[in-house]
Amino acid sequence: MLLNSLLLCALGAAMTVSADAENLGGGHGHKRPSVTVPECPRKGKVVFDKSVPEGSKFPKTQVDLCYSTKTSKISPMLHLTFTAYDEKHFHFNPTQGTNDDIWEYSVMEAFIQRGHEAPQTYLEFEVNPNNVTYQAFIYNPSRVRAPNTPLDHAFISDPFGNEMFAETTLNRRAKTWTSKVQIPLALFNVPERGLRGTRWRMNFFRTITSPETFPDQKLGAWSPPDQANFHISPFFGHVIFV
């Protein structure tokens with residue numbers, strides 16, 4: 001995994017962001033959604049069906065969450081099961097590989113960082129219907145992808161070697177696709193003794209395209225930002241491991 005020194009410094013500072021960060025993204029005063037994440041095999045669940053930013057009807061999308069401390073000798077793991085409903089096209093580019101721009105097509109995404117405040121650095125994880133993944137730490141010091149400010153990324157270049165896995169199943173008849181994902185929590189400097197009680201900021205997204213409409217996309221989110229921009233971290237929901 002290659003992380004530049006600037007991003008490493010930002011990751012170390014991620015827990016000390018300003019208490020005013022919650023209000024930077026506009027729409028302040030609106031309560032962010034929350035979910036508790038239990039130890040596997042129990043699961044927490046988020047479901048969303050609203051578009052970004054209009055809030056109109058969007059195909060149902062579900063994410064089941066749990067964590068484990070015994071599946072790996074390297075790190076405790078976050079387990080996510082993404083389920084996309086009412087998928088008509090399963091649109092992806094078959095020439096794309098790991099860390100290519102799969103977000104241009106149909107994907108499901110998780111943005112993740114440990115801590116309570118809106119983060120300036122966070123993991124962006126994506127998976128497409130072809131089981132191709134994108135994983136990078138994002139450096140977003142404005143927290144809102146503001147004009148004339150940095151938005152940088154540092155790829156996780158060997159996700160398989162880091163035990164970051166995805167397993168994707170398509171059911172074209174039922175118009176669904178499901179991705180079971182494993183993310184090592186050591187990426188976030190988790191405490192060695194116990195994850196219970198740790199607080200996180202996360203958001204979950206889905207993009208939908210088709211051969212007829214590409215490159216235009218439909219966007220959906222668990223905690224919808226107020227513009228067509230996923231990189232507005234004050235809108236991330238609140239997550240507690242229990």
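Counting the residues of region 105-152 that are under 23 Å from H79 (Cα atoms) and in contact with a strand residue (DSSP E or B) (Cβ under 7 Å, 6 or more places away or on another chain) gives 29.
Mind counting the residues in region 90-123 that are farther than 22 Å from G237 by Cβ and either assigned to a loop (DSSP other than H, G, I, E, B) or of a type in the set (A, V, I, L, M) (or both)?
Within region 90-123, the first condition is being farther than 22 Å from G237 by Cβ, and the residues that meet it are 90-102, 104-106.
When the remaining residues are screened for being either assigned to a loop (DSSP other than H, G, I, E, B) or of a type in the set (A, V, I, L, M) (or both), the result is 90-102, 105-106.
The qualifying residues number 15.
For the criterion of being crowded, with 18+ Cβ neighbours inside 10 Å, under 14 Å from the mean Cα position of the chain (by Cα) and not small (G, A, S), V144 fails.
Confirm whether P41 is out of contact with any Gly (no Cβ under 9 Å at 6 or more places or on another chain) and touching a residue at least 12 places away in the same chain (Cβ under 8 Å). Even if it seems obvious, please write down each step before you answer.
Details: out of contact with any Gly (no Cβ under 9 Å at 6 or more places or on another chain): yes; touching a residue at least 12 places away in the same chain (Cβ under 8 Å): yes.
The answer is yes for P41.
Sort through A118, A136, A110, A154 and tell me the only one that's at pLDDT 95 or above, in contact with a Gly (Cβ under 9 Å, 6 or more places away or on another chain) and surrounded by 18 or more Cβ atoms within 10 Å (Cβ to Cβ).
Working: A136 fails: in contact with a Gly (Cβ under 9 Å, 6 or more places away or on another chain); A110 fails: in contact with a Gly (Cβ under 9 Å, 6 or more places away or on another chain); A154 fails: in contact with a Gly (Cβ under 9 Å, 6 or more places away or on another chain).
It is A118.
The residue that is farthest from V107 (Cα to Cα), counting only those in region 154-176 that are of a type in the set (A, V, I, L, M, F, W, C) and within 17 Å of the chain's Cα centre (by Cα), is A154.
If you take the residues in region 131-188 that are of a type in the set (S, T, N, Q) and outside any strand (DSSP E or B), which one is nearest to D64 (Cα to Cα)? Even if it seems obvious, please write down each step before you answer.
Residues of region 131-188 of a type in the set (S, T, N, Q): 131, 133, 135, 140, 142, 148-149, 157, 162, 168-169, 171, 176, 178-179, 182.
Okay, now just the ones that are also outside any strand (DSSP E or B), so 131, 140, 142, 148-149, 157, 162.
Working: N131: 18, N140: 27, S142: 30, N148: 37, T149: 34, S157: 26, N162: 22 Å.
It comes out as N131.
The values are calculated or read from the model by the stated rules, or taken from the named source; none is laboratory data. All values reported here derive from a predicted model rather than from experimental measurement. When we count neighbours, we look across all protein chains shown, and the Cβ atoms used for this are built from the backbone with ideal geometry, even at glycine.
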